[in-house]
Amino acid sequence: MSSVSATTKTTSVPKGRDMFASKLGVIVATLGSAVGLGNIWKFPYLTGVNGGAAFVILYILCTLVVGLPVMITEHSLGRTARADAIQTFKKLAPNSAWWLVSGAGVISAFLISSFYTEVMGWVFAYIAKAIKGSILSSSPEVTSSAFSSLISDPVQSLVYQWIVLAWIALIIGLGVSKGIERVVKALMPVLFGILLVVCIRSLTLPGAVEGLRFLFKPDFSKVTGATVLTAMGLSFFKLSVGMGTMITYGSYFHKDQDIPATAVRVMLSDVLVSLLCGIAIFPAVFAFGFEPGAGPELLFITIPTVFSVMPFGRVLMPFFFVLAFIAATGAMLSLYEVPVAYLVGSHGWSRKKATWVTLAALVVVGTLPALSGSLTAHIKVMGMNFFDLFDWLTSSILMPVGGLFLCVFAGWRWGSANIKAALTNDGALRNEKVVQAFTGLVKFVTPMLVLVILLAGLKII
Ligand code: TRP
């Protein structure tokens, strides 16, 4: 039925369009997008708040049946169209409204970037504080008041965010292969090195077992629909899917890149990093008798206290925040690349102009979450300040809805023949089973699951 001639041939690379230079570069840059504050800040605090192992299992399951298929879909669409997220839909489904899916994605990219750069700003501030020693205290009151005074100071909140934005814009301005790929490739090994050292330190503390039990021994009694939605939102956020980042990155893949194998490697490595972050954090938290459920502040209040009392902790702490900053850099680069690729690809702007305009837009939108602890703290939408609102709106609504539409588009509109062509590199790869399994997932399982979890999580069903 499905003849190969009916498929959209992979677009040849338009002249002057940048690409990832090597296969390793593709994996590293894609992994660099996935690994970020999601692993070091979000995963531990959500695991802490949601009771530990049961949440970890839900997150891994969602990653397998939702995050991974959506990632493969995005890479396939992007590489076939060789275009930014919006042009990809315009090329693959001309004269239709499908482009609105990635139109919403570009908006998500802005919302995520605006709070992401703020958290990154705190991390940057904490590198300096850890070196100076001003957050070294065994008393949570001291570290907690250090954090409050940072977030309630509008000037510091904005300045740190701007420093982060300038750093990211600088790398983006250098381009895809010379900027993103080169920087992430250089920093990734450093990240793994520091993470392993911190894990070993944490695991060798007396009482570490309690933390491991929390992380790996599940208790499903407290799981609700909202917990599952949070776990699914995390799986979207973690793999940077559901809003076009991976379409954009897929468009820089070479035509012989094995898409499913790449996605599986990235997914496994990313889950591993999350678990390692959990292993770095929870044994230490429990060993010193702290509460795992501190919430978003876990990284900024509990962790400095834990490091302060831990042998060698004071030396390790600056490195730990450097690690978080490195991880966040690769992720933030991929977020920033979405609007830049769109402005260059769809409007023919120069990369430089696109970088500057995106920077200006991010400075403006970024003020809303940046000032959530100070000047805009009293403004609440649905009971949330801008920071929490943007986080919730993207992870619990926009990305799942985006992922749902991406699956429906790939499975039902683009169709099996095109999926097969993309996943086999136009017949070069012998991976029928993978193609079959993926087609079943993307057509039926994944969209149904996303829909049910979304509706149940929002208490609509
Ligand atoms: N995955 C990154 C993290 O875990 C965050 C991120 C980067 C992201 N690009 C994204 C999230 C695109 C959603 C969409 O920190």
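The values are calculated or read from the model by the stated rules, or taken from the named source; none is laboratory data. Worth saying up front: this structure is predicted, and the values here are computed from it rather than measured. All Cβ positions, even for glycine, are placed from backbone atoms using ideal geometry, and neighbour counts span all protein chains on display.
The conditions are (1) within 14 Å of the ligand (Cβ to nearest atom); (2) within 20 Å of residue 244 (Cα to Cα); (3) acidic (Asp, Glu), and residue 18 fails exactly one of them. Which is it?
It is condition (1) that residue 18 fails.
Can you name every residue in segment 403-461 that is in contact (Cβ under 8 Å) with a residue 60 or more places away in the chain and hydroxyl-bearing (Ser, Thr, Tyr)?
If the condition is that a residue be in contact (Cβ under 8 Å) with a residue 60 or more places away in the chain and hydroxyl-bearing (Ser, Thr, Tyr), then 416, 446 are the ones that fit.
Going by the structure shown, is residue 390 surrounded by 18 or more Cβ atoms within 10 Å (Cβ to Cβ), within 26 Å of the chain's Cα centre (by Cα), touching a residue at least 60 places away in the same chain (Cβ under 8 Å) and more than 16 Å from the ligand (Cβ to nearest atom)?
When the stated conditions are applied, residue 390 does not pass them.
Which members of segment 238-278 meet the condition of being of a type in the set (Val, Ile, Thr) and buried (at least 22 other Cβ atoms within 10 Å of the Cβ)?
Those that are of a type in the set (Val, Ile, Thr) and buried (at least 22 other Cβ atoms within 10 Å of the Cβ): 241, 245, 247, 248, 259, 266, 271, 273.
What is the one condition in (1) at pLDDT 85 or above; (2) over 21 Å from residue 116 (Cα atoms) that residue 140 does not satisfy?
So residue 140 meets the others, but not (1).
Which one of these is at pLDDT 95 or above and out of contact with any helix residue (DSSP H, G or I) (no Cβ under 9 Å at 6 or more places or on another chain): 410, 428, 422?
That would be 428, the only listed residue that is at pLDDT 95 or above and out of contact with any helix residue (DSSP H, G or I) (no Cβ under 9 Å at 6 or more places or on another chain).
Restricted to segment 21-50, and to residues that are of a type outside the set (Val, Ile, Thr) and in a loop (DSSP other than H, G, I, E, B), which residue is nearest to the ligand (Cβ to nearest atom)?
Checking each candidate, the answer is 36.
Name the residues in segment 105-136 that are free of Cβ contacts under 8 Å to residues at least 40 places away in the same chain and not in a helix (DSSP H, G or I), would you?
Hit for segment 105-136 is 134, nothing else.
Among (1) among the hydrophobic types (A, V, I, L, M, F, W, C); (2) part of a helix (DSSP H, G or I); (3) more than 14 Å from the ligand (Cβ to nearest atom), there is one condition residue 83 misses while meeting the rest; what is its number?
Among (1) among the hydrophobic types (A, V, I, L, M, F, W, C); (2) part of a helix (DSSP H, G or I); (3) more than 14 Å from the ligand (Cβ to nearest atom), residue 83 violates only (2).
Name the pairs whose Cβ atoms lie under 8 Å apart, with the first residue in segment 236-261 and closer than 13 Å to residue 86 by Cα, the second within 7 Å of the ligand (Cβ to nearest atom) and assigned to a loop (DSSP other than H, G, I, E, B), and 6 or more positions between them or separate chains?
Cβ pairs passing all conditions: 246/239; 246/240.
If you scan segment 102-120, which residues turn out to be buried (at least 24 other Cβ atoms within 10 Å of the Cβ) and either of a type outside the set (Val, Ile, Thr) or more than 14 Å from the ligand (Cβ to nearest atom) (or both)?
Residues satisfying the conditions are 102, 105, 108, 109, 113, 114, 115, 116, 118, 120.
Every residue in segment 378-422 that is charged (D, E, K, R) and either assigned to a helix (DSSP H, G or I) or in contact with a Leu (Cβ under 8 Å, 6 or more places away or on another chain) (or both), please.
Listed by number, the residues that qualify are 388, 391, 413, 420.
Give 63, 47, 73, 30 a once-over and let me know the one that is touching a His at 6+ places or on another chain (Cβ under 9 Å) and buried (at least 23 other Cβ atoms within 10 Å of the Cβ).
Unique residue meeting the criteria: 30.
So, in segment 347-360, how many residues would count as being exposed (fewer than 15 other Cβ atoms within 10 Å of the Cβ) and either under 22 Å from the mean Cα position of the chain (by Cα) or assigned to a loop (DSSP other than H, G, I, E, B) (or both)?
2
The conditions are (1) more than 16 Å from the ligand (Cβ to nearest atom); (2) under 28 Å from residue 180 (Cβ atoms); (3) assigned to a helix (DSSP H, G or I), and residue 425 fails exactly one of them. Which is it?
With respect to (1) more than 16 Å from the ligand (Cβ to nearest atom); (2) under 28 Å from residue 180 (Cβ atoms); (3) assigned to a helix (DSSP H, G or I), residue 425 is out only on (3).
Looking at segment 123-136, can you tell me whether even one residue there is buried (at least 24 other Cβ atoms within 10 Å of the Cβ), closer than 22 Å to residue 238 by Cβ, within 19 Å of the chain's Cα centre (by Cα) and at pLDDT 95 or above?
Checked segment 123-136: at least one residue is buried (at least 24 other Cβ atoms within 10 Å of the Cβ), closer than 22 Å to residue 238 by Cβ, within 19 Å of the chain's Cα centre (by Cα) and at pLDDT 95 or above.
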